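**Q** Before anything else, here's the structure in question.
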Amino acid sequence: MGRSKIMESSLRVGLIGVGKHGSRYAKHIREDLPEIDLIGLWRRNAGEGKKQARQYGCRYFHTYSDLLSDNSIDAVVVALPPALNRAICEEAAYRGKHILLEKPMAINVGEAIRICQVVSRCSVHLMVSQTLRFNTAVRAVKDRIPQLGSLHSIHLTKGLSPPPWPGWIKKILLGEESSYTLESIASIFSVFSPKRRLIRYHAGLIGSSQGVRRIISRPL
């Protein structure tokens with residue numbers, strides 16, 4: 001579908017969760033995606049939510065259920081802690097809303113399967129936001145696979161921006177950061193070896209708060 005066709009029928013989106021990651025979605029929708037209309041948003045902090053709604057020129061919804069029940073919205077972006085994803089995705093699917101879901105998808109495999117079952121039954125689209133697969137560097141590597149030859153090992157290094165709370169390294173490694181590491185691995189596998197299984201994965205700190213070293217060892 002060409003861009004002109006898309007522009008004739010813009011996608012109307014609601015944003016559920018407008019914290020660190022959700023605000024990035026709002027910014028990109030407003031500044032980079034003229035074919036998408038941000039209809040409204042919801043976040044638990046009503047004061048901040050109303051302020052952001054004014055900033056992005058959209059409506060603030062007092063509950064996410066109110067947002068999901070709005071018939072002017074075609075799809076939703078969900079950027080919340082993963083423990084909330086199942087309930088929200090199920091309600092969104094039952095309301096006929098397509099879903100872009102910020103990673104990690106769920107807190108366990110069972111909840112992830114349940115989300116998939118519901119969206120399938122409701123015939124709505126669901127995509128987990130594995131954005132690195134669309135990264136220009138990853139795409140460039142994919143285009144050069146014939147010149148690169150066989151892959152034997154991968155060394156990935158990821159820098160971290162320290163949050164303000166004490167003990168942030170431990171919290172990130174055990175929580176949010178692990179989803180980004182898995183995304184990096186999934187992105188590499190989607191390029192080089194989409195049908196192979198991961199053999200072994202090691203993680204360790206380098207320096208103090210400088211970053212996290214990720215190594216996949218043994219041939220793939």
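**Q** Can you work out which of the residues in segment 119-157 that are basic (Lys, Arg) and out of contact with any Ser or Thr (no Cβ under 7 Å at 6 or more places or on another chain) is modelled with the highest pLDDT?
**A** Selected residue: 121.
**Q** Does residue 101 meet the test of being over 20 Å from residue 78 (Cα atoms) and either surrounded by 10 or more Cβ atoms within 10 Å (Cβ to Cβ) or at pLDDT below 75 (or both)?
**A** No.
**Q** Starting from segment 29-54, keep only residues that are assigned by TED's automatic domain parsing to the domain that holds residue 19, then list their pairs with residues that are aromatic (Phe, Trp, Tyr) and surrounded by 13 or more Cβ atoms within 10 Å (Cβ to Cβ) whose Cβ atoms are within a distance under 6 Å, requiring at least 6 positions of separation or different chains.
**A** Final answer for the pair search is 30/56; 38/56; 40/61; 42/61; 42/64; 49/60; 50/60; 53/60.
The values are calculated or read from the model by the stated rules, or taken from the named source; none is laboratory data. From a predicted model like this one, the values you see are computed outputs, not experimental measurements. Note that we place each Cβ from the backbone using ideal geometry, even for glycine, and neighbour counts take in every protein chain shown.
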